[in-house]
1. Suppose a student asked you for the relative contact order of segment 276-318, using Cα pairs under 8 Å spaced at least 6 residues apart; what percent would you report?
2. If Rh is defined by the Kirkwood formula over all Cα pairs and Rg also comes from Cα, what ratio Rg/Rh do you get for the chain?
3. Kirkwood Rh and Cα-based Rg: tell me the resulting Rg over Rh for segment 19-142, rounded to two decimals.
4. If you build a Gaussian network model of the chain, linking Cα atoms that sit under 10 Å apart, which residue out of ASN185, ASN152, ASN121 swings the most?
5. At q = 0.28 Å⁻¹, what base-10 log of I(q)/I(0) does the Debye formula yield for segment 2-53 when every alpha carbon is treated as an equal point scatterer in vacuo?
6. Mind pulling the per residue volume of the convex hull built on the Cα atoms of segment 251-307? Å³ is fine.
7. Going 7 Å from the Cα of ASP163 in the Cα-to-Cβ direction, what parts of segment 295-311 have a backbone nitrogen less than 11 Å from that spot?
8. Say we join alpha carbon atoms closer than 10 Å with springs in a Gaussian network model of the chain; which of VAL72, VAL199, VAL58 then has the biggest fluctuation?
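Values in this text are rule-based calculations from the coordinates and carry no lab data. Everything numeric in this text was worked out from a predicted model, so none of it was measured. Cβ placement follows ideal geometry from the backbone for every residue including glycine, while neighbour counts extend to all protein chains displayed.
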Amino acid sequence: MRRGSLIQLSALGLIAAAIAIAVALLVPWLPPAAGKEAERIHFVFWFTTAICIGVFSVVASVLTYSIWKFRVKSDDMSDGPPTHGHTKLEIVWPEVPAVLVTAISIVSAVVLAQNGNAGPNPLIVKVTAVQFAWTFTYPNGKSYGYLTLPENRHTKLEITSKDVIHSFWVPELSQKQDAVPGQTNPLVVTPTRTGTFPVICTELCGLGHALMRSHVDILTEAKFDTWLKSGGSANAGAPGLAVFQQFGCGGCHTLTAAGAGGKVGPDLDKLKQFAAQAHRGALAAFIKESIVKPDAYIAPGYPPNVMPPNFGAQIPPAQLDQLVQYLASQAK
Ligand code: CUA
């Protein structure tokens with residue numbers, strides 16, 4: 001091979017690498033990590049990306065060089081010369097991808113093992129998915145419609161579902177875990193910075209899938225301890241509000257007082273209007289019926305069989321009364 005060709009090939013390779021590196025670095029592909037597991041996953045991502053950029057530069061430079069130098073003349077109809085190939089090259093080049101892929105799988109296996117390790121004393125939070133809401137239950141038995149986590153401590157989420165398959169995802173924590181009925185799937189998270197990040201359902205689970213969202217508040221350890229001892233800020237308001245959040249009503253319904261913006265079911269800010277249209281007795285009785293027997297009356301413009309029929313069995317009677325009172329008190 002001539003020296004000039006090598007220089008030209010290398011120049012093409014450098015140009016291809018520069019373009020690929022610019023695309024990799026200038027586009028924000030990943031949200032900034034907020035957890036140790038996410039940092040490790042980002043490392044695997046960049047490790048793999050670096051290998052891909054190397055392979056891309058070699059392939060792109062050889063391809064461009066061949067098209068440029070060995071292009072057939074437009075009137076040349078002859079066959080190319082017979083070649084035997086290059087035995088040494090053919091032996092060497094399958095080894096290169098084999099080594100690279102093995103390296104990626106070793107790095108991935110190490111990260112996977114580290115990310116699954118919850119340490120000796122993790123905080124355990126039970127995560128329950130239903131169409132279309134999340135419930136987070138703490139060791140003291142209290143439940144919330146949103147997740148609160150301490151910084152710099154392992155938390156083991158025990159994820160399950162009551163109806164169909166959902167999937168738990170916080171982009172800043174980088175991991176997804178399926179919520180499967182009849183099964184508990186673990187997910188270890190170790191937050192590294194405070195903030196509020198979205199909790200997203202990332203498995204198509206029905207009409208309200210796109211709205212099946214909550215959030216995670218990551219607090220310093222001291223603030224988290226205060227939050228846990230005080231029973232959580234959700235209980236600072238009306239007891240019915242806590243029930244509303246615990247059973248995830250806001251996933252499907254709008255209620256300004258609860259900060260809920262769901263659009264699947266009727267807007268609960270307009271509950272009095274709906275009750276007047278329905279002619280189904282007193283407001284409280286109508287609210288209770290709508291929760292316990294949702295298909296007894298369907299508000300005009302809303303499809304039947306969307307509201308889960310089992311809230312009557314899920315919500316204890318005392319809490320159900322609190323919820324009914326709360327919704328009646330907020331109705332306009
Ligand atoms: Cu739950 Cu999508």
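1. With pairs under 8 Å counted, the relative contact order is 33 percent.
2. 1.18
3. 1.23
4. So, out of ASN185, ASN152, ASN121, the one fluctuating most is ASN121.
5. -1.06
6. It is 81 Å³ per residue.
7. Hits in segment 295-311 for ASP163 at 11 Å: 305-311.
8. It is VAL72.
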